[in-house]
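Colleague: First the structure, which I've put down as structure tokens, then a few questions once you've had a look.
The values are calculated or read from the model by the stated rules, or taken from the named source; none is laboratory data. Quantities reported herein were computed from a predicted structural model and do not represent experimental measurements. Every residue, glycine as well, gets a Cβ built from its backbone with ideal geometry; the counts of neighbours run over all protein chains shown. We work out accessible area using only protein heavy atoms, side chains counted, and drop any ligands, DNA or RNA first. Shrake-Rupley method; radii C 1.70, N 1.55, O 1.52, S 1.80 Å.
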Amino acid sequence: MKATYLLLSAAFAGCAYGACPFAELRRSGFLSEDDIAKFEAVKRDSKAAEALFKAHQAEKREPAPQSGIIGPILNDVLDLPLGGGLLNGVLQPLPGKLAKIDLPTPQPQGLEVIPGDDPDHQFQAPGPTDVRGICPTLNTLANHGYLSRNGITTFAQAANAVQTGYGFTFGLSVFLSALGLIAGGDLVSGIYSIGGADSRVPNTLGPALGLDKHGVFEIDGSITRQDVYFGNNANFLLQRWNEYVKESEAQGGEFNLAANAVDNGFRYDNSLGTNPDFFAGVVWFAVSHAERVFVYEGLANGTSGLANYDNVAPFFLNETFPDNWFRRGVPLTLPVAFQQAGEMFLANPRALGGNQGVGNFVPLDLSTDLSTASPAQIGCFILENLLDVAPGQLAPTIYNNFELYTGFIKGVIAPFFINDGYFNCPAALSFTEPSDSAGSTSGSVSSSGSPVNGAYPGIGVIAPNSEPS
């Protein structure tokens, strides 16, 4: 491009002073049709040269793709300090400090019976050393061997299993598994527990407390687990499930968006009125709505699209796939998940903030009004606030290794939000830092295995410690 402008300048100058090489350049084929048009424009009006030059300078300032890799951009170059990014839809390596992390890959999608008659993926109840936790869908994947049956998984394994088991797209699956790793895993190795803290997970940067660690993946006001303030936050509560079923019955027996919007508001109000430490921050907003979206989008039978009792109950009551259950034929995408979460929020909105004692709710001062923001804007807002969980909720491990965590987010999460045709978040990301007082080790226990018809073997039905519904 620079050579073109030099030639145009030289040609124009030559013609202006009598000698005109333009005809020779044109005959030789050295000039393109675009170059010829620009030259003719300059010949007609010398001011066009200045306009062309300014356009050229502006074009130079546009972030140029580098080897086709998609990722954040800073000062016109890819901002991938620890590697990663997307190339042809595939995550690229993370060299250096994160080189040990095994990366997920796109898995085959489409309507398929799960687990079918595959001998490697038949149900096995967890043994005494197998960990299970807050998430029935992940517990189900472990019980069927799509995740390690011991409940100790990796960033790659979990993302691949979610694609295979539930028909979520690569981008959505990477986002969820990455959030799980950030929530309670060992970032350097990419290993995490789907339950509480476990000695089989390294503690390279600090305590890796598992997905059950309160405040990130595990939140107040969840569907079938109690708030950590009241005790064990990992065990399934049959009482809550029965209340959830009643909400679906009001919607014709469907666990649909309307039923889940009611449930989300009900759980929020209950926690707000009983839990002095109740907190509903940015990550709460994402997780509380997303976990409910996944019920009717992820657990519905792919042959009918119905998220009714027969299709949903086995995941909660026994943590197993229903008989003759098919994963969805059209994969669930990251944009659709955010669209559904946004619709659910608007159907029954609640303020973000936290209790400083029951009856003393302090709203969060947010830069984005979520009630008026589009789902795409909400996605970008959450991306830049993933690590700002609030003082008392975020482990100091993240605060003390902030550049390592933001480098991971830039390399494996952000590429799905940039130049994607939907979110199109700013290429230059600015992450909100956590307070240096952040730190919570509460809520790091595993569940008592997997329930059988809602009761735990040898224990029975778990009753809430408090927080009456």
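Colleague: Long-range amide H contacts for Asp102: which residues qualify at under 5 Å (H placed 1.01 Å from N, peptide plane, sequence gap of 5 or more or a different chain)?
Modeller: Under 5 Å from the amide H of Asp102 lie the amide H atoms of Ala156, each far enough along the sequence or on another chain.
Colleague: Whenever you get a sec, compute what percent of the accessible area on segment 104-176 sits on carbon and sulfur atoms (1.4 Å probe).
Modeller: Working: 1390 of 2510 Å².
For segment 104-176, the apolar C and S fraction of the accessible surface comes to 56 percent.
Colleague: So what is the relative contact order of segment 115-221, in percent, for Cα pairs below 8 Å that sit 6 or more residues apart? Display every interim value, and only then the final one.
Modeller: Values: 186 pairs, mean separation 24.5, N = 107.
Here the relative contact order equals 23 percent.
Colleague: Where the centroid of each part is defined by its Cα atoms, how far is segment 267-287 from segment 71-100 in Å?
Modeller: With segment 267-287 and segment 71-100 each reduced to a Cα centre, they are spaced 35 Å.
Colleague: Just to check, using Stokes-Einstein with a Kirkwood Rh over alpha carbon pairs, what's the diffusion coefficient of segment 134-258 at 37 °C and 0.692 mPa s in µm²/s? Write out the running numbers ahead of the final one.
Modeller: Numbers: Rh = 15.4 Å.
Here the translational diffusion coefficient equals 214 µm²/s.
Colleague: While we're here: For segment 226-345, report the accessible area per residue in Å² (1.4 Å probe, heavy atoms, rounded to an integer).
Modeller: Details: 3790 Å² over 120 residues.
On a per-residue basis, segment 226-345 sits at 32 Å².
Colleague: Then there is this: Sorted from largest down, give the three principal axis spans of the alpha carbons of segment 244-347, whole angstrom values.
Modeller: Computed over the Cα atoms, the extents are 44, 29, 24 Å.
Colleague: Here's another thing I want to ask about it. For a protection proxy built on the mean count of beta-carbon atoms within 10 angstrom, sort 325-338, 348-361 highest first, please.
Modeller: Working: 325-338: 20.0, 348-361: 14.9.
So the peptides 325-338, 348-361, ranked by packing, come out 325-338, 348-361.
Colleague: Let me ask something else about it. For segment 272-352, which whole percent of the accessible surface, found with a 1.4 angstrom probe, sits on carbon and sulfur atoms? Can you show the working numbers first?
Modeller: Details: 1490 of 2670 Å².
With neighbouring chains kept in place, the figure for segment 272-352 is 56 percent.
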